[in-house]
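What follows is a single structure, written as C-alpha coordinates, with notes after it.
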Amino acid sequence: MSGSESRGGEDPSLAYGKESPVETAIWRLRSRGCWTDAAALLAPHATEPAAALERAALLIERCLYTEQGWADAEEALRAAEAVAGTDEERGAAACERGYLAYASTLLGVRDRADEARMALGRAAALIAPSAEGRPLLDLRRGLIAQNLGDSPQAARAAYRRAHAGATAQGDSLLLSSTWRHLAGLALREGELAEARHGFAESLRIREELGYLVGTAPALTALATTETEPEAGRLRAEARRLFRLLGGVPTWLASQLTPQPAT
(Lines give C-alpha, C1' and ligand atoms only; values in the text may rest on other atoms or scores of the structure.)
Protein backbone atom coordinates (compact mmCIF):
# COMPACT_ATOMS: atom_id res chain seq x y z
CA MET A 1 0.00 0.00 0.00
CA SER A 2 1.14 3.50 -0.67
CA GLY A 3 0.21 7.06 0.14
CA SER A 4 -0.47 10.33 -1.57
CA GLU A 5 2.80 10.98 -3.36
CA SER A 6 2.96 10.86 -7.15
CA ARG A 7 5.58 9.44 -9.46
CA GLY A 8 7.37 11.51 -12.07
CA GLY A 9 5.83 11.18 -15.51
CA GLU A 10 2.67 9.47 -14.26
CA ASP A 11 -0.83 10.64 -13.44
CA PRO A 12 -0.43 13.03 -10.46
CA SER A 13 -4.02 12.33 -9.40
CA LEU A 14 -3.04 8.81 -8.40
CA ALA A 15 -1.58 7.92 -5.03
CA TYR A 16 1.91 6.49 -5.22
CA GLY A 17 1.76 2.86 -6.32
CA LYS A 18 -1.94 2.92 -7.23
CA GLU A 19 -3.20 2.10 -10.70
CA SER A 20 -6.58 3.85 -10.74
CA PRO A 21 -8.41 6.78 -9.17
CA VAL A 22 -10.68 4.36 -7.29
CA GLU A 23 -7.68 2.61 -5.72
CA THR A 24 -6.29 6.00 -4.79
CA ALA A 25 -9.59 7.01 -3.19
CA ILE A 26 -9.76 3.78 -1.20
CA TRP A 27 -6.20 4.22 0.05
CA ARG A 28 -6.71 7.84 1.07
CA LEU A 29 -9.92 7.01 2.94
CA ARG A 30 -8.28 4.06 4.65
CA SER A 31 -5.23 6.06 5.65
CA ARG A 32 -7.47 8.60 7.38
CA GLY A 33 -9.51 6.01 9.26
CA CYS A 34 -12.57 6.17 6.97
CA TRP A 35 -12.83 2.41 6.50
CA THR A 36 -16.60 2.29 6.02
CA ASP A 37 -16.45 4.84 3.21
CA ALA A 38 -13.54 2.99 1.60
CA ALA A 39 -15.43 -0.31 1.80
CA ALA A 40 -18.49 1.30 0.21
CA LEU A 41 -16.48 2.01 -2.94
CA LEU A 42 -15.95 -1.75 -3.31
CA ALA A 43 -19.58 -2.73 -2.75
CA PRO A 44 -20.48 -2.69 -6.49
CA HIS A 45 -17.80 -5.35 -7.04
CA ALA A 46 -18.69 -7.55 -4.08
CA THR A 47 -19.02 -10.67 -6.25
CA GLU A 48 -15.41 -10.38 -7.39
CA PRO A 49 -13.06 -12.31 -5.07
CA ALA A 50 -10.33 -9.65 -4.87
CA ALA A 51 -12.77 -6.81 -4.20
CA ALA A 52 -14.77 -8.84 -1.68
CA LEU A 53 -11.59 -9.73 0.18
CA GLU A 54 -10.33 -6.14 0.21
CA ARG A 55 -13.70 -4.95 1.50
CA ALA A 56 -13.57 -7.48 4.33
CA ALA A 57 -9.98 -6.51 5.16
CA LEU A 58 -10.93 -2.84 5.43
CA LEU A 59 -13.78 -3.57 7.82
CA ILE A 60 -11.60 -5.90 9.90
CA GLU A 61 -8.96 -3.18 10.19
CA ARG A 62 -11.73 -0.85 11.35
CA CYS A 63 -12.50 -3.31 14.17
CA LEU A 64 -8.89 -3.35 15.30
CA TYR A 65 -8.59 0.44 15.34
CA THR A 66 -12.04 1.38 16.67
CA GLU A 67 -13.22 -1.74 18.58
CA GLN A 68 -16.51 -1.40 16.66
CA GLY A 69 -18.16 -2.86 13.57
CA TRP A 70 -17.65 -6.54 14.33
CA ALA A 71 -20.93 -7.68 12.72
CA ASP A 72 -20.21 -5.74 9.51
CA ALA A 73 -16.74 -7.24 9.31
CA GLU A 74 -18.07 -10.75 9.86
CA GLU A 75 -20.71 -10.31 7.16
CA ALA A 76 -18.17 -8.98 4.67
CA LEU A 77 -15.76 -11.80 5.48
CA ARG A 78 -18.41 -14.46 4.94
CA ALA A 79 -19.19 -12.87 1.58
CA ALA A 80 -15.51 -13.01 0.63
CA GLU A 81 -15.27 -16.64 1.73
CA ALA A 82 -18.32 -17.48 -0.38
CA VAL A 83 -16.87 -16.12 -3.64
CA ALA A 84 -13.29 -17.38 -3.16
CA GLY A 85 -12.61 -19.86 -5.94
CA THR A 86 -8.89 -20.71 -5.86
CA ASP A 87 -6.62 -22.00 -3.12
CA GLU A 88 -4.89 -18.64 -2.94
CA GLU A 89 -8.22 -16.81 -2.60
CA ARG A 90 -9.44 -19.25 0.04
CA GLY A 91 -6.13 -18.92 1.84
CA ALA A 92 -6.33 -15.13 1.80
CA ALA A 93 -9.87 -15.28 3.23
CA ALA A 94 -8.67 -17.67 5.94
CA CYS A 95 -5.86 -15.23 6.75
CA GLU A 96 -8.44 -12.47 7.25
CA ARG A 97 -10.61 -14.74 9.39
CA GLY A 98 -7.63 -15.47 11.59
CA TYR A 99 -6.92 -11.76 11.90
CA LEU A 100 -10.51 -10.95 12.84
CA ALA A 101 -10.48 -13.67 15.50
CA TYR A 102 -7.12 -12.39 16.74
CA ALA A 103 -8.43 -8.82 17.02
CA SER A 104 -11.50 -9.99 18.93
CA THR A 105 -9.31 -11.89 21.38
CA LEU A 106 -6.66 -9.18 21.76
CA LEU A 107 -9.22 -6.46 22.47
CA GLY A 108 -11.18 -8.59 24.91
CA VAL A 109 -14.38 -8.71 22.85
CA ARG A 110 -14.54 -12.52 22.77
CA ASP A 111 -11.90 -15.21 23.16
CA ARG A 112 -11.41 -16.61 19.67
CA ALA A 113 -7.75 -17.62 20.02
CA ASP A 114 -8.34 -21.20 18.86
CA GLU A 115 -10.25 -19.97 15.83
CA ALA A 116 -7.42 -17.55 15.02
CA ARG A 117 -4.80 -20.29 15.14
CA MET A 118 -6.89 -22.71 13.09
CA ALA A 119 -7.67 -20.12 10.43
CA LEU A 120 -4.05 -19.05 10.02
CA GLY A 121 -3.03 -22.72 9.91
CA ARG A 122 -5.51 -23.25 7.10
CA ALA A 123 -4.15 -20.18 5.33
CA ALA A 124 -0.62 -21.54 5.60
CA ALA A 125 -1.73 -24.79 3.95
CA LEU A 126 -3.36 -22.92 1.06
CA ILE A 127 -0.96 -20.03 0.40
CA ALA A 128 2.29 -21.13 -1.25
CA PRO A 129 5.57 -20.05 0.40
CA SER A 130 6.40 -17.87 -2.61
CA ALA A 131 2.91 -16.39 -2.99
CA GLU A 132 2.21 -12.68 -2.66
CA GLY A 133 0.08 -13.15 0.45
CA ARG A 134 2.66 -15.13 2.41
CA PRO A 135 4.49 -12.21 4.11
CA LEU A 136 1.22 -10.85 5.53
CA LEU A 137 0.36 -14.33 6.79
CA ASP A 138 3.80 -14.60 8.41
CA LEU A 139 3.29 -11.27 10.18
CA ARG A 140 -0.06 -12.38 11.56
CA ARG A 141 1.32 -15.72 12.72
CA GLY A 142 3.95 -13.71 14.56
CA LEU A 143 1.26 -11.63 16.25
CA ILE A 144 -0.48 -14.78 17.41
CA ALA A 145 2.79 -16.22 18.74
CA GLN A 146 3.72 -13.03 20.60
CA ASN A 147 0.41 -11.77 21.94
CA LEU A 148 -1.66 -14.92 22.36
CA GLY A 149 1.06 -17.54 22.79
CA ASP A 150 3.71 -15.55 24.70
CA SER A 151 6.38 -17.03 22.45
CA PRO A 152 8.74 -14.20 21.45
CA GLN A 153 11.19 -16.53 19.70
CA ALA A 154 8.52 -17.92 17.39
CA ALA A 155 7.20 -14.40 16.87
CA ARG A 156 10.64 -13.09 15.89
CA ALA A 157 11.14 -15.88 13.36
CA ALA A 158 7.74 -15.14 11.79
CA TYR A 159 8.37 -11.38 11.75
CA ARG A 160 11.73 -11.88 10.07
CA ARG A 161 10.14 -14.03 7.35
CA ALA A 162 7.49 -11.36 6.87
CA HIS A 163 10.16 -8.64 6.78
CA ALA A 164 12.16 -10.45 4.13
CA GLY A 165 9.04 -11.10 2.06
CA ALA A 166 7.83 -7.50 2.33
CA THR A 167 11.27 -6.28 1.27
CA ALA A 168 11.34 -8.61 -1.73
CA GLN A 169 7.85 -7.58 -2.81
CA GLY A 170 8.35 -3.87 -2.18
CA ASP A 171 5.38 -3.80 0.20
CA SER A 172 6.19 -0.64 2.14
CA LEU A 173 3.18 -0.65 4.43
CA LEU A 174 3.80 -4.22 5.52
CA LEU A 175 7.47 -3.38 5.97
CA SER A 176 6.50 -0.58 8.36
CA SER A 177 4.67 -3.17 10.46
CA THR A 178 7.51 -5.70 10.48
CA TRP A 179 9.97 -2.98 11.53
CA ARG A 180 7.60 -2.00 14.34
CA HIS A 181 7.05 -5.49 15.72
CA LEU A 182 10.71 -6.52 15.48
CA ALA A 183 11.56 -3.30 17.31
CA GLY A 184 9.00 -4.12 19.99
CA LEU A 185 10.71 -7.45 20.66
CA ALA A 186 14.10 -5.73 20.75
CA LEU A 187 12.80 -3.23 23.31
CA ARG A 188 11.42 -6.06 25.41
CA GLU A 189 14.92 -7.56 25.52
CA GLY A 190 16.59 -4.27 26.42
CA GLU A 191 18.15 -3.68 22.99
CA LEU A 192 17.39 0.04 23.00
CA ALA A 193 19.41 1.10 19.94
CA GLU A 194 17.93 -1.68 17.80
CA ALA A 195 14.44 -0.83 19.00
CA ARG A 196 14.91 2.87 18.28
CA HIS A 197 16.13 2.13 14.77
CA GLY A 198 13.19 -0.16 14.00
CA PHE A 199 10.57 2.23 15.37
CA ALA A 200 12.17 5.12 13.47
CA GLU A 201 12.06 3.16 10.22
CA SER A 202 8.42 2.27 10.79
CA LEU A 203 7.56 5.92 11.43
CA ARG A 204 9.53 7.12 8.41
CA ILE A 205 7.71 4.75 6.07
CA ARG A 206 4.27 5.58 7.42
CA GLU A 207 4.91 9.29 7.10
CA GLU A 208 6.16 8.84 3.55
CA LEU A 209 3.08 6.81 2.64
CA GLY A 210 0.70 9.26 4.26
CA TYR A 211 -0.71 6.49 6.45
CA LEU A 212 -2.08 8.88 9.06
CA VAL A 213 -4.08 6.37 11.06
CA GLY A 214 -0.93 4.34 11.68
CA THR A 215 1.36 7.28 12.38
CA ALA A 216 0.27 8.07 15.96
CA PRO A 217 1.08 4.52 17.14
CA ALA A 218 4.46 4.76 15.39
CA LEU A 219 5.23 8.09 17.09
CA THR A 220 4.22 6.70 20.47
CA ALA A 221 6.37 3.61 20.02
CA LEU A 222 9.43 5.65 19.08
CA ALA A 223 8.87 7.88 22.12
CA THR A 224 9.44 4.87 24.39
CA THR A 225 13.06 4.72 23.21
CA GLU A 226 13.83 8.44 23.48
CA THR A 227 14.66 10.76 26.37
CA GLU A 228 13.12 14.14 27.06
CA PRO A 229 12.48 16.52 25.44
CA GLU A 230 12.34 14.40 22.26
CA ALA A 231 10.04 11.81 23.84
CA GLY A 232 7.62 14.54 24.85
CA ARG A 233 7.67 16.05 21.37
CA LEU A 234 6.86 12.70 19.79
CA ARG A 235 4.01 12.04 22.21
CA ALA A 236 2.61 15.53 21.62
CA GLU A 237 2.56 14.95 17.87
CA ALA A 238 0.93 11.55 18.38
CA ARG A 239 -1.69 13.19 20.60
CA ARG A 240 -2.40 15.80 17.93
CA LEU A 241 -2.95 13.14 15.25
CA PHE A 242 -5.02 11.02 17.63
CA ARG A 243 -7.39 13.92 18.23
CA LEU A 244 -7.43 14.87 14.54
CA LEU A 245 -8.63 11.37 13.67
CA GLY A 246 -11.35 11.38 16.32
CA GLY A 247 -9.65 9.22 18.92
CA VAL A 248 -8.42 6.43 16.65
CA PRO A 249 -6.91 3.98 17.36
CA THR A 250 -8.97 3.71 20.53
CA TRP A 251 -6.43 1.56 22.36
CA LEU A 252 -3.87 4.36 22.15
CA ALA A 253 -5.88 6.64 24.45
CA SER A 254 -4.37 5.35 27.70
CA GLN A 255 -0.83 5.86 26.38
CA LEU A 256 -1.50 9.43 25.28
CA THR A 257 -3.31 10.66 28.39
CA PRO A 258 -1.01 13.14 30.14
CA GLN A 259 0.11 11.89 33.54
CA PRO A 260 -0.77 14.15 36.50
CA ALA A 261 2.15 15.93 38.12
CA THR A 262 3.37 14.40 41.38
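May I ask you to list the chymotrypsin sites (Phe, Trp or Tyr not before Pro) in region 149-222 that are in a DSSP loop and have at most 16 other Cβ atoms within 10 Å of their Cβ?
Answer in residue order: no site qualifies.
Helix-only estimate, please: 222 nm mean residue ellipticity of the chain, summing -39500 (n - 2.57) across DSSP H runs of length 4 or more and dividing by its residues, to the nearest 500.
Value at 222 nm, helices only, nearest 500: -21500 deg cm²/dmol.
Over region 38-92, what is the relative contact order in percent, taking alpha-carbon pairs closer than 8 angstrom and at least six residues apart?
After rounding, I find 35 percent.
Which trypsin sites (Lys or Arg not before Pro) does region 57-141 hold that lie in a coil by DSSP with at most 13 other beta carbons within 10 Å?
Answer by residue number: Arg110.
Pick out, from Thr215, Leu192, Leu203, the residue whose Cα sits farthest towards the positive end of the charge dipole of region 186-225, with +1 on the Cβ of Lys and Arg and -1 on the Cβ of Asp and Glu.
The listed residue farthest towards the positive side: Thr215.
Relative contact order, percent, of region 19-125 when contacts are C-alpha pairs under 8 Å separated by at least 6 residues?
Rounded, it is 19 percent for region 19-125.
Can you give the relative contact order of the chain as a percent, counting alpha carbon pairs under 8 Å and 6+ residues apart?
The normalised contact order for the chain reaches 15 percent.
Among all stretches of the chain without exposed GluC sites (Glu not before Pro) (DSSP loop, at most 15 other Cβ atoms within 10 Å), which one is longest?
20-131
Given charges of +1 on the Cβ of Lys and Arg and -1 on the Cβ of Asp and Glu, with all other atoms neutral, how large is the dipole of the chain about its Cα centre, in debye to the nearest 20?
In total the dipole reaches around 520 debye.
Report, please, the projected area of region 124-248 averaged over directions, based on the convex hull of its C-alpha atoms, in nm².
With the hull built on Cα positions only, its mean projection is 8.2 nm².
Looking at the P(r) of region 105-164, how many percent of alpha-carbon pairs lie beyond 12 Å?
Value for region 105-164: 66 percent of Cα pairs lie more than 12 Å apart.
Once the Cα gyration tensor of region 26-185 is diagonalised, what are the square roots of 5 times its eigenvalues, in whole Å and ordered largest first, as equivalent ellipsoid semi-axes?
Over the Cα atoms of region 26-185, the semi-axes work out to 23, 17, 16 Å.
Counting only protein heavy atoms, what percent of the accessible surface of the chain is carbon or sulfur at a 1.4 Å probe?
Carbon plus sulfur share of accessible area: 52 percent.
The values are calculated or read from the model by the stated rules, or taken from the named source; none is laboratory data. All figures in this text were calculated on a predicted structure; none of them were measured in a lab. We place every Cβ from the backbone using ideal geometry, glycine too, and count neighbours over all the protein chains shown. Each accessible area value is taken on the protein alone, full model and side chains, heavy atoms only, with ligands, DNA and RNA left out. Shrake-Rupley method; radii C 1.70, N 1.55, O 1.52, S 1.80 Å.
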